[in-house]
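The structure appears below as structure tokens.
The values are calculated or read from the model by the stated rules, or taken from the named source; none is laboratory data. None of the values given here were measured: they were computed from a predicted structure. Glycine gets a Cβ as well: all are built from the backbone with ideal geometry, and neighbour counts include every protein chain shown.
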Amino acid sequence: MIIPRLAVKEDMMQVWQLIKELAIFEKEPNAVEISISELEEHGFGDKPQFVCFVVEDDKKLFGMALVYPRYSTWKGQVLHLEDLIVSESYRGQGYGTLLLDTVVKYGKSLGVNRISWEVLDWNEPAIGFYEKKGAKVLRDWNVVQLNKEEINNYLDKL
């Protein structure tokens with residue numbers, strides 16, 4: 001029986017591979033900038049910036065959910081689900097549900113007032129999955145970001 005577990009530093013190479021797999025699925029194959037060593041440092045240093053849950057089959061990771069704390073001026077403590085990834089050959093077998101269940105239980109144990117995440121508008125299977133689980137997909141919000149270059153350009157104009 002496969003049960004999600006907390007990731008350890010030694011898992012980060014396989015976590016990074018899952019992140020790359022997601023980037024390819026999301027049609028952004030060259031968008032991953034983070035390195036394995038950064039994942040190790042950021043997740044397992046003096047002040048861990050995220051928690052990661054993984055599922056594995058014969059020591060090969062095939063799914064992960066990475067979360068971190070946020071704060072909402074309206075809701076207070078929030079847990080953000082950055083990514084929930086299940087390798088394509090393992091999809092449809094309940095592993096996404098196992099990972100989401102683990103995230104929700106973790107959020108409950110922290111006492112958060114909301115768990116939030118984004119989903120691409122064209123990823124109908126994921127949207128259907130989340131809605132089936134009782135999540136609200138807010139289609140009237142847009143994600144706003146500044147990447148590293150845009151941050152520098154912004155600051156250069158000050």
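Restricting Leu81, Leu99 to those that are in contact (Cβ under 8 Å) with a residue 12 or more places away in the chain and either under 15 Å from Met12 (Cβ atoms) or in a strand (DSSP E or B) (or both) reduces the list to Leu81. Looking only at the range 2-24, residues that are in contact with an Asp or Glu (Cβ under 8 Å, 6 or more places away or on another chain), surrounded by fewer than 15 Cβ atoms within 10 Å (Cβ to Cβ) and among the hydrophobic types (A, V, I, L, M, F, W, C) come to 1 in all. Among residues of the range 116-130 that are over 18 Å from Val103 (Cβ atoms), those with a Cβ under 7 angstrom from a residue that is charged (D, E, K, R), sequence gap 6+ or separate chain, pair up as Leu120/Glu26. Output the residues belonging to the range 147-158 that are surrounded by 10 or more Cβ atoms within 10 Å (Cβ to Cβ) and assigned to a loop (DSSP other than H, G, I, E, B). Hit for the range 147-158 is Asn147, nothing else.
Beta carbons closer than 8 Å, at least 6 apart along the sequence or on distinct chains, pair a first residue in the range 19-37 that is over 19 Å from Gln145 (Cβ atoms) and touching a residue at least 24 places away in the same chain (Cβ under 8 Å) with a second that is part of a helix (DSSP H, G or I) and of a type in the set (Phe, Trp, Tyr) for Ile36/Trp16.
Scanning the range 131-158 for residues that are of a type outside the set (Gly, Ala, Ser) and more than 22 Å from Ala31 (Cβ to Cβ) turns up Glu131, Lys132, Lys133, Lys136, Val137, Leu138, Arg139, Asp140, Leu155, Asp156, Lys157, Leu158. Can you pull out every residue in the range 125-146 that is in a loop (DSSP other than H, G, I, E, B) and either at pLDDT 95 or above or hydrophobic (A, V, I, L, M, F, W, C) (or both)? Answer for the range 125-146, where residues must be in a loop (DSSP other than H, G, I, E, B) and either at pLDDT 95 or above or hydrophobic (A, V, I, L, M, F, W, C) (or both): Lys133, Gly134, Ala135, Lys136, Val137, Leu138, Trp141, Val143, Val144, Leu146. The lone criterion from (1) in contact with a Pro (Cβ under 7 Å, 6 or more places away or on another chain); (2) under 20 Å from Phe25 (Cβ atoms); (3) not β-branched (Val, Ile, Thr) left unmet by Tyr95 is number (1).
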